[in-house]
Amino acid sequence: MSTLKPSAATVLAAVAHPDDIEFMMAGTLFRLKDLGAKIYLWNLANGSCGTASHAKEEIIRIRRQEALDAAKLLDATMLPPIADDISLFYDQPTLAKVGAIVREVNPDIILTQSPQDYMEDHQNTTRLLVTAAFCRGMPNFPTDPPTRPVGKATALYHALPHGLRDGLRRLVRPGIYVDITPVLERKREMLAQHRSQKQWLDVSQGMDAYLNEMETMSRAVGTLSKRFTLAEGFRLHSHLGFGPKDFDPLRELLGEACYPDPVYQQGLNP
């Protein structure tokens with residue numbers, strides 16, 4: 001068990017697109033922020049394809065402003081995107097950019113997306129974050145721009161995929177549940193800043209009632225927990241290359257608001 005203090009904790013939430021954070025992990029971020037943690041938000045892609053009506057540069061500007069407005073509600077630092085939508089690839093140039101950010105932020109906790117998801121931008125984002133975090137202390141790993149390696153432990157957590165299922169429609173169960181019941185309205189307000197996305201999802205995916213869809217997923221995860229009314233779910237990445245085996249700062253900092261699935265923790269299928 002570490003002795004990480006909430007007020008000294010640094011959290012990096014890194015996802016593919018504007019609004020991915022708000023859907024799947026903003027409640028947990030509010031709970032960490034309320035404890036005093038420093039929060040960094042990062043949408044690796046700029047939202048360029050998230051529209052049926054705006055020109056590319058216009059939607060990039062709109063979605064960036066929406067993301068900044070959302071970040072203000074969390075009092076978080078928003079980092080700039082590095083790629084267009086559908087242009088996030090697991091390649092060396094992109095990995096070098098992600099590696100530089102991981103070293104600059106030097107987070108104790110990384111929240112990123114599920115390795116199994118319904119689209120490649122999400123899956124490539126988590127691959128990039130896993131490798132960048134793994135290489136954060138390697139002096140011979142090149143970053144763009146060149147950045148000094150860092151050595152402290154970091155814990156990487158995978159959020160659930162959107163819709164709670166992988167690309168083959170199988171349910172993805174979390175190993176850790178975070179109670180977001182007390183912060184749901186704040187999470188809802190944060191997601192509501194992404195006004196352009198409600199319009200886009202209504203057209204592209206038939207996802208009417210954008211905000212209610214988020215609450216429905218939160219309630220479904222709460223039901224899976226058999227403990228909380230509304231929850232977000234995560235899976236802790238392997239400690240190998242990241243820190244001590246027992247380094248689990250999310251559970252340590254959140255205490256009773258964080259519930260580990262006992263069956264999952266034993267390495268069994270729930």
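Values in this text are rule-based calculations from the coordinates and carry no lab data. All values reported here derive from a predicted model rather than from experimental measurement. Positions of Cβ are backbone-derived with ideal geometry, glycine not excepted, and every protein chain shown enters the neighbour counts.
Between the stretch 53-109 and the stretch 112-170, what is the separation of their alpha carbon centroids in Å?
Between the Cα centre of the stretch 53-109 and that of the stretch 112-170, the gap is 14 Å.
Could you compute the net charge surrounding Ile176? Neighbours are other residues with a C-beta less than 15 Å from the C-beta of Ile176; K and R count +1, D and E count -1.
Values: positive: Arg31, Arg173, Lys226, Arg227, Arg235, Arg251; negative: Asp179, Glu232, Asp246, Asp248, Glu252, Glu256, Asp261.
Charge balance near Ile176 sits at -1.
Share of antiparallel DSSP beta bridges in the stretch 6-265, in percent to the nearest 5? Let's see the in-between values first.
Working: 11 of 28 bridges.
Roughly 40 percent of the DSSP beta bridges within the stretch 6-265 come out antiparallel.
Work out how much length Glu57 to Met138 would gain on full extension: take 0.36 nm times their residue separation and subtract the Cα-Cα distance, in nm to one decimal.
Once the chain is fully extended between Glu57 and Met138, it gains 25.5 nm.
What size of dipole, in debye to the nearest 20, comes out for the stretch 130-240 about its Cα centre when the only charges are +1 on Lys and Arg C-beta atoms and -1 on Asp and Glu C-beta atoms? Mind dumping the intermediate values first?
Working: 16 positive and 10 negative charges, 78 e Å.
My answer is approximately 380 debye.
Within 10 Å, count the other beta carbons around each residue, average over each peptide in 217-223, 167-173, and list them highest first.
Working: 217-223: 19.0, 167-173: 12.4.
In descending order of packing, they fall as 217-223, 167-173.
Work out the length of the dipole vector of the stretch 6-265 about its Cα centre, built from +1 on the beta-carbon of each Lys and Arg and -1 on the beta-carbon of each Asp and Glu, and round it to the nearest 20 debye.
Details: 29 positive and 32 negative charges, 99 e Å.
Approximately 480 debye in magnitude.
Under the rule of at least 5 residues apart or a separate chain, name every residue whose amide H is placed under 5 Å from the amide H of Asp85.
Asn46, Gly47, Ser48, Cys49
How much length, in nm to one decimal, is gained on full extension between Met119 and Arg170, taken as 0.36 nm per residue of separation minus their Cα-Cα distance? The partial results should precede the final answer.
On the way: separation 51, 0.36 × 51 = 18.36 nm, distance 1.43 nm.
Extra length from Met119 to Arg170 when fully extended: 16.9 nm.
Could you grab the relative contact order for the chain? Cα pairs under 8 Å, six or more apart, rounded to a whole percent.
Across the chain, relative contact order equals 23 percent.
With each label point set 7 Å from Cα along the Cα-Cβ vector, what nm distance links Glu256 and Asn106?
Result: 3.5 nm between the two label points.
Per residue, how much space in cubic angstrom lies within the convex hull of the C-alpha atoms of the stretch 31-142?
Details: hull volume 12.9 nm³, N = 112.
Dividing the Cα hull volume of the stretch 31-142 by its residue count gives 115 Å³.
Can you spot the lysines whose alpha carbon is less than 21 Å from Lys97's alpha carbon? Ignore those fewer than 8 places along the same chain.
Lys152
Students often check this: by mean Cβ neighbours within 10 Å, which of 184-191, 136-143 ranks highest, and how do the rest follow?
Top of the packing list down: 184-191, 136-143.
With just the Cα atoms of the stretch 107-192, tell me how far they stretch along each of the three principal axes, in Å, largest first.
For the stretch 107-192, the Cα extents along the three principal axes come out at 42, 32, 26 Å.
If you take the beta carbon distance between Leu211 and Thr3 as r and set R0 to 51 Å, what does 1/(1 + (r/R0)^6) give as a FRET efficiency, to the nearest 0.05? The partial results should precede the final answer.
Numbers: r = 39 Å, r/R0 = 0.76.
About 0.85, to the nearest 0.05.
If the viscosity is 1.002 mPa s and the temperature 20 °C, what translational diffusion coefficient in µm²/s does Stokes-Einstein give for the chain when Rh comes from Kirkwood over Cα pairs? All intermediate terms of the calculation are to be shown ahead of the outcome.
Working: Rh = 18.6 Å.
In µm²/s, the coefficient is 115.
Once every DSSP H run of n ≥ 4 in the chain is given -39500 (n - 2.57) and the sum is divided by its residues, what mean residue ellipticity at 222 nm do you get, rounded to the nearest 500 deg cm²/dmol?
Numbers: 10 runs with 107 residues, N = 270.
Dividing the helical sum by the residues of the chain leaves -12000 deg cm²/dmol.
Please work out whether the stretch 147-265 counts as rounded, prolate or oblate from its C-alpha gyration tensor, where a ≥ b ≥ c are the square roots of the eigenvalues and a/c under 1.5 means rounded, while otherwise a/b larger than b/c means prolate and anything else oblate?
On the way: a/c = 1.84, a/b = 1.55, b/c = 1.19.
Prolate, since a/c reaches 1.5 and a/b exceeds b/c.
Distance cut-off 19 Å, Cα to Cα: go down the list Lys33/Lys187; Lys198/Lys226; Lys38/Lys226; Lys56/Lys187; Lys33/Lys226; Lys187/Lys226 and report the pairs above it. Before the final figure, lay out each step's value.
Details: Lys33/Lys187 12 Å; Lys198/Lys226 30 Å; Lys38/Lys226 30 Å; Lys56/Lys187 28 Å; Lys33/Lys226 25 Å; Lys187/Lys226 21 Å.
Correct reply: Lys198/Lys226; Lys38/Lys226; Lys56/Lys187; Lys33/Lys226; Lys187/Lys226.
In nm, what is the difference between 0.36 nm times the number of residues separating His239 and Asp34 and their Cα-Cα distance?
Details: separation 205, 0.36 × 205 = 73.80 nm, distance 2.64 nm.
71.2 nm is the gain from fully extending His239 to Asp34.
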